[in-house]
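Let me begin by presenting the structure, written as structure tokens, before commenting on it.
Computed from the coordinates by the stated procedures, all read-outs in this text should not be read as laboratory data. Quantities reported herein were computed from a predicted structural model and do not represent experimental measurements. Counting neighbours? That spans all protein chains shown, and the Cβs are built from the backbone with ideal geometry, glycine included.
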């Protein structure tokens, strides 16, 4: 059962990292994810689309997110919001319509992955404001179009009754004096390597580099910067069988341990802003970046054994890599043995897969439910000041105001 005190922030998206600055004359923007139901003992992940009543760039300096409905057995797995950067906004559903979708990757037009992450939270209430001088842009995808925002909400109901959730969002205008635009780090490539057999543990690894290959955009990750940057925050994201998340700094061809955590429910936010004794922003040139690794256990070291519905092809359920573009995590069941009620022969949510009616030990692989696993590196950065003296490229005090 999820913790009664939901994760303070899923991603650093909800931390120092995300959202923009704008003239103080701009008004705050309010949005709402409509109320929806979550059946007993289940996860539900849903998406909706909001067209903001403005056709010019909005510079935001922070946000407030209120997850409505949180209780001892009903918690938010995550809430995320993105601006849409694609070319087919008309293919999104009308205002207020809710669509069940995994990470909103199959939601709306075919280029839904053309998006920029602008915030998120799991807390009942999260208010995050950017320091003066830093901002993030919310921009229309094309001239004459409104700003389009994808809202993604995922909740876990461990109770015996249907529960109801909603999300209230407010985006604040940034203060004057913007010097740099904040951009997200959201590396998801390590997810593809998660493969933990029953009664074992295993480690999957990822590598994020300035100027490196940009494989993650099509599967929900953020774009990789091509020029030097200043990293200002990093965090971690695993699920309940995650035992260790470790990050190394790779800089000037040297590798050093940066931080690690064994906490999946409330991962620490590592801030690099040079204030209150914290380290200064990390200068990363082309080829520099981070290595990260997740160790996950399946039925050992105090973790629950992953159970899944046996499939007619015989092998242990739960497969990697992505077959036909869809990661085949096992269909969840709860009690080992014959269980045709949980494992019927077919399930419309598992197209092309059939089941024997048995609930058996399963491989732990990447999946979108809380019973599956993830290994994601979230964080934030801003572009350097290339004209500054060596070693001072990340010093905001030396940077001119953006025009």
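Report the relative contact order of the chain, percent, no decimals, based on alpha-carbon pairs under 8 angstrom and at least 6 residues apart. Write down the numbers at each step before the final one.
On the way: 1148 pairs, mean separation 84.0, N = 403.
Computed over the chain, the figure is 21 percent.
Legend: ranking of residues 399, 238 from fewest to most surrounding C-beta atoms inside 10 Å; resulting order 399, 238.
Within the chain, what percent of beta bridges assigned by DSSP are antiparallel, to the nearest 5?
About 95 percent, rounded to the nearest 5.
With both labels modelled 7 Å from their Cα along Cα-to-Cβ, the residue 132 to residue 335 distance reads 6.3 nm. Applying 1/(1 + (r/R0)^6) with R0 = 56 Å to the Cβ-Cβ distance of residue 390 and residue 345, what FRET efficiency is obtained, to the nearest 0.05? That gives a FRET efficiency of 0.25.
As a proxy for reagent exposure, ranking 402, 258 by other Cβ atoms within 10 Å from fewest up yields 402, 258.
Sorted ascending by nearby beta carbons within 10 Å, beginning with the fewest, 75, 167 become 167, 75. By definition, a body whose alpha carbon gyration tensor gives a ≥ b ≥ c is oblate when a/c is 1.5 or more and a/b is not larger than b/c, and the stretch 148-269 fits this oblate description. Label zone of residue 397 (point 7 Å out along Cα→Cβ, amide N under 20 Å): in the stretch 116-147 this covers 131-135.
Taking every pair of alpha-carbon atoms in the stretch 123-172, what share in percent sits in each 10 Å bin, from 0 to the bin with the longest distance? Values per bin, smallest distances first: 15, 34, 32, 14, 5.
Using 0.36 nm per residue, how much length does the chain from residue 285 to residue 256 gain when fully extended, once their Cα-Cα distance is taken away? Let's see the in-between values first.
Working: separation 29, 0.36 × 29 = 10.44 nm, distance 1.59 nm.
Stretched fully, the residue 285-residue 256 segment lengthens by 8.8 nm.
Once the chain from residue 125 to residue 41 is taken as fully extended at 0.36 nm per residue, the excess over their C-alpha distance is 27.9 nm. Projected label points at residue 304 and residue 200, each 7 Å from Cα along the beta carbon direction, are separated by 2.3 nanometres.
Which of rounded, prolate or oblate describes the stretch 12-179 when judged by the alpha-carbon gyration tensor and an a/c cut-off of 1.5? It comes out oblate by the Cα gyration axes.
The largest-to-smallest principal axis extents of the Cα set in the chain are 67, 49, 38 Å. Between residue 99 and residue 168, the contour length at 0.36 nm per residue exceeds the alpha carbon distance by 23.1 nm.
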